[in-house]
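A.B. asks: Questions regarding the structure given below will be posed in turn.
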Amino acid sequence: MSAMHIAVIQSVQNGKTYHSKLLRRSFRDHHGRVQKKTLANLSHLPDAAIDLLRAHLAGQPLSDPSDCFQIVRSRAHGSVLAVLEAFRRLDLARLVASQPSPQRDLVCAMIAARILRPQTKLATARWWHSTSLPDYFDLRPASAEDLYAAMDWLLQRQQRIQGKLARRHFAQGGVVLLDLSSSYFEGAACPLARYGHNRDGKKGKLQVNFGLLCDRHGRPVALNVFEGNVGDPRTVLPAVRQLRRRFGLSRVVLVGDRGMLVQARLAELHKLDGINWITALRSGAIRKLERAGQLEHSDEVGLFEIVQHPDYPHERLVACRNPRLAAQRGHTRESLLQATEELLAPIRARVAAGRLKGEAKIGLRAGAVLNRYKVGKHFVCEISEDCFDYRRNRASIDHEAALDGVYVIRTSLAEADLSAADCVRSYKALTRVERAFRGLKTADLQVRPIHHRLADRVRAHLFLCMLAYYVQWHMCEAWRPLLFADEELAERRRTRDPVAPAEPSASARRKKATRQAEDGTPAHSFRTLLEDLARVARNDCRSQGEQGPQPCDFELDTQLNAEQTRAMELLKEIQI
């Protein structure tokens, strides 16, 4: 074993003292004696160089890193890398436009920003310079007006982009999921803004309606925007025309809820060759079947097909009974009945004490209470000038309870085309569109509230959010092993009883209980995983000191840890 060191040898010649600086190697010979061998004479080097070499041979750092360079700023980088990897796998840039352009760069950057940090266009134009997005897109000082111009450019390309998505995810004779939602406005100047059925629970707010066309897995393919007072049934035929004329689908199976595919729309669809559909009966129609004795087996089995009914020629009816849903509705009804009785009891006490008199006054007070929870039909009230009493209408309650958990699927497809179980599965796939609406409207993408005034800007904003959800959908599917998600869900959907209550797999229950993924790493939501990746920073650095005639700028990225590396590797499995 040998070691190198610097030896200083002092010698005197002709009355002068000389110092020789020698680089030597120390070692032991075969007898175990220490020997020294001179490798070089370093006497010509300055003392500073000798000190640096001596420190290096001793294993000490040559200098403090802060003496070499300084970090000018740090920008979020890892989350940007994740979104851009999804962009590459989905070929998003070419989906937006086949040729590069400043508008395409701005649109792609806005889609990425909507996933990473949804906010107004003005805030977006100021925010994205705190990330590494400008390193990948041409965002040279882009103002909010530039973003609006890019949105106008995107809207002109909407039909072309949706056509490309349709070719990717729709097929002749395939299932298309259709649903409608709404979002409220801030302000009152937009021509699309109308008062209507507000699904956000924002009473007194103007709103806009928008419908999604999704494939059977819930991927959004096309978006249609309507005025806020347009009802669900009026959106069906425009969607069908879009499927047939713009996407070239002569045969398709349309799946919509009972409020959308009403009888009038179904009569029109019957006249169109190649258009089949799956929906469900409304409660009044189910009640009619029950009175006719058509649902007498619903207490015995979860799913059975009703014999051809004269009210539904050339159609199939599949009755289902979900015991858990039945218990849930029974519990809800009992809670509402008890809440109503608690409000009626003080009225009876006041009448009995003589503080409330008059049939009209008593009836007015009681009517307001009965209408509050919509269970007035389940009470029998006796009102006179000085008397008030009430009791539950047991016959009415039992009559309603008989159909708890019962629903009936209605379809134009023959049994040879689709089994009864698959009809139910296809109808339940509408929950995936509802998931898309939740992703669009809540903390993930925050499509609401809408601040734009121009109708076309509203359309462009909603389409931009749809494209962002399209990317996020694929990222969530790729990241299932890292998220609080059931990794066996897709397989279980194909094989489980379509009527029985959905149960999470053992692995999903274990993940939820331990809050850990299978590999022991913390389980995430989509948002927290993005935040974890955002900790990977891109540092803009500048050299300093005497290393050159002028400072040199360079970038230094934070290294990914094992969990972040896994997340990036999973994104490479995204397939179109």
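A.B. asks: Using only Cα atoms and rounding to the nearest 10 degrees, what angle (0 to 90) does helix 144-156 make with the longest principal axis of the chain?
C.D. replies: 60 degrees
A.B. asks: How big is the dipole moment of the range 428-576 about its Cα centre under a simple scheme where the beta carbon of each Lys and Arg is +1, that of each Asp and Glu is -1, and everything else is neutral? Debye, nearest 20, please.
C.D. replies: On the way: 25 positive and 22 negative charges, 215 e Å.
Using Cβ point charges on Lys, Arg, Asp and Glu, the range 428-576 gives about 1040 debye.
A.B. asks: Another question, then. Just how much of Asp146 is accessible, in Å², when a 1.4 Å probe is used and the result is rounded to the nearest 10?
C.D. replies: 60 Å²
A.B. asks: At a Förster distance of 60 Å, what's the computed FRET efficiency of Asp138 paired with Asp398, Cβ-Cβ distance as r, to 0.05? All intermediate terms of the calculation are to be shown ahead of the outcome.
C.D. replies: On the way: r = 69 Å, r/R0 = 1.15.
Once the sixth-power term is evaluated, E becomes 0.30.
A.B. asks: For the chain, what % of the accessible area comes from carbon and sulfur atoms, probe 1.4 Å? Before the final figure, lay out the partial values.
C.D. replies: On the way: 14980 of 29960 Å².
The computed percentage sits at 50.
A.B. asks: Suppose all protein chains stay in the model; what accessible area per residue would a 1.4 Å probe give for the chain, in Å²?
C.D. replies: 52 Å²
A.B. asks: Angle between the Cα long axis of helix 323-352 and the longest principal axis of the chain, 0 to 90 degrees, nearest 10?
C.D. replies: 60 degrees
A.B. asks: With the contact rule set at Cα under 8 Å and sequence spacing of 6 or more, what percent relative contact order holds for the chain? Don't jump to the answer; show the numbers that get you there.
C.D. replies: On the way: 863 pairs, mean separation 105.4, N = 576.
Here the relative contact order equals 18 percent.
A.B. asks: Shifting gears a bit: How long is the gain from Asp29 to Gln60 if the chain were fully straight, where each residue apart is worth 0.36 nm and the alpha carbon distance is subtracted?
C.D. replies: Values: separation 31, 0.36 × 31 = 11.16 nm, distance 2.83 nm.
Result: 8.3 nm gained on full extension.
A.B. asks: Mind checking which of Leu154, Leu23, Leu295 is farthest towards the positive end of the chain's charge dipole, using Cβ charges of +1 (Lys, Arg) and -1 (Asp, Glu) about the Cα centre?
C.D. replies: Value: Leu154.
A.B. asks: Using +1 at the Cβ of each Lys and Arg and -1 at the Cβ of each Asp and Glu in the range 223-271, identify which of Val225, Ala264, Val252 lies farthest towards the dipole's positive end.
C.D. replies: Positive-most Cα among the choices belongs to Val252.
A.B. asks: Let me ask something additional. Calculate the length of the line joining the C-alpha centroid of the range 202-216 to that of the range 378-447, in whole Å.
C.D. replies: 20 Å
A.B. asks: Let me ask something else. For a test of the definition: using alpha carbon positions, the gyration tensor, and the 1.5 limit on a/c, classify the range 476-576 as rounded, prolate or oblate.
C.D. replies: prolate
A.B. asks: Let me ask something else. Compare the peptides 319-330, 351-362 by average per-residue count of other Cβ atoms within 10 angstrom and give them in order, highest first.
C.D. replies: Values: 319-330: 17.2, 351-362: 13.4.
Top of the packing list down: 319-330, 351-362.
A.B. asks: For Rg/Rh (Cα atoms, Kirkwood Rh), the choices are (i) 0.96; (ii) 1.19; (iii) 1.30; which was calculated from the structure?
C.D. replies: (ii)
A.B. asks: Excluding ligands and nucleic acids, what accessible area in Å² is computed for Tyr373 using a 1.4 Å probe, to the nearest 10?
C.D. replies: So the heavy atoms of Tyr373 present about 80 Å² to solvent.
A.B. asks: Rounded to the nearest 0.05, what FRET efficiency do Ala49 and Arg73 have when you use their Cβ-Cβ distance and R0 = 41 Å? List each step's numbers first, then the result.
C.D. replies: Values: r = 35 Å, r/R0 = 0.85.
So the FRET efficiency works out to roughly 0.75.
A.B. asks: On to the next question. Nearest 10 degrees, 0 to 90: what angle lies between the long axis of helix 47-57 and the longest principal axis of the chain (Cα atoms)?
C.D. replies: Taking Cα atoms only, the helix is inclined about 60 degrees.
A.B. asks: Starting from 0.36 nm per residue, how many nanometres of slack lie between Ala123 and Thr17 once their C-alpha separation is accounted for? Before the final figure, lay out the partial values.
C.D. replies: On the way: separation 106, 0.36 × 106 = 38.16 nm, distance 7.34 nm.
Residue separation times 0.36 nm, minus the Cα-Cα distance, leaves 30.8 nm.
A.B. asks: Given 0.36 nm per residue, what is the gain on full extension from Val262 to Ala455 after removing their alpha carbon distance, in nm?
C.D. replies: On the way: separation 193, 0.36 × 193 = 69.48 nm, distance 2.85 nm.
Difference between extended and current length: 66.6 nm.
A.B. asks: Ok, one more. Of all beta bridges DSSP finds with both residues in the chain, what is the antiparallel percent, to the nearest 5?
C.D. replies: Working: 65 of 75 bridges.
Taking every DSSP beta bridge with both residues in the chain, the antiparallel ones total about 85 percent.
A.B. asks: Over the range 263-356, what is the relative contact order in percent, taking alpha-carbon pairs closer than 8 angstrom and at least six residues apart? All intermediate terms of the calculation are to be shown ahead of the outcome.
C.D. replies: Details: 39 pairs, mean separation 13.1, N = 94.
This gives 14 percent for the range 263-356.
A.B. asks: If you don't mind, another one. Restricting to Cα pairs below 8 Å that are 6+ residues apart, what does the relative contact order work out to for the range 377-500? Please round to a whole percent. Each step should come with its number before you reach the end.
C.D. replies: Details: 58 pairs, mean separation 20.6, N = 124.
Contact order relative to length: 17 percent.
A.B. asks: Taking a probe of 1.4 angstrom, what is the accessible area of Ile576 in Å², to the nearest 10?
C.D. replies: The accessible area of Ile576 comes to roughly 100 Å².
A.B. asks: Hey, another quick one. To the nearest 20 debye, what is the magnitude of the charge dipole of the chain about its Cα centre, counting +1 on the Cβ of each Lys and Arg and -1 on the Cβ of each Asp and Glu? Each step should come with its number before you reach the end.
C.D. replies: Details: 89 positive and 65 negative charges, 101 e Å.
Computed charge dipole of the chain: roughly 480 debye.
A.B. asks: Arranged from highest to lowest average of other beta-carbon atoms within 10 Å per residue, in what order do the peptides 84-93, 557-566, 107-116, 363-372 appear? Mind showing how you got there, number by number?
C.D. replies: Details: 84-93: 18.2, 557-566: 13.6, 107-116: 24.4, 363-372: 15.2.
Descending packing order for the listed peptides: 107-116, 84-93, 363-372, 557-566.
A.B. asks: Another question, then. So what is the calculated 222 nm ellipticity per residue for the chain, using -39500 (n - 2.57) for each DSSP H run with n of 4 or more, over all residues, to the nearest 500 deg cm²/dmol? The partial results should precede the final answer.
C.D. replies: On the way: 21 runs with 235 residues, N = 576.
-12500 deg cm²/dmol, from helical runs alone.
The values are calculated or read from the model by the stated rules, or taken from the named source; none is laboratory data. No experiment lies behind these values; they were computed from the predicted model shown. Cβ sites come from the backbone with ideal geometry, for glycine too, and all protein chains shown count toward neighbours. To get the accessible areas, we keep the full protein, side chains included, count just its heavy atoms, and leave off ligands, DNA and RNA. Shrake-Rupley method; radii C 1.70, N 1.55, O 1.52, S 1.80 Å.
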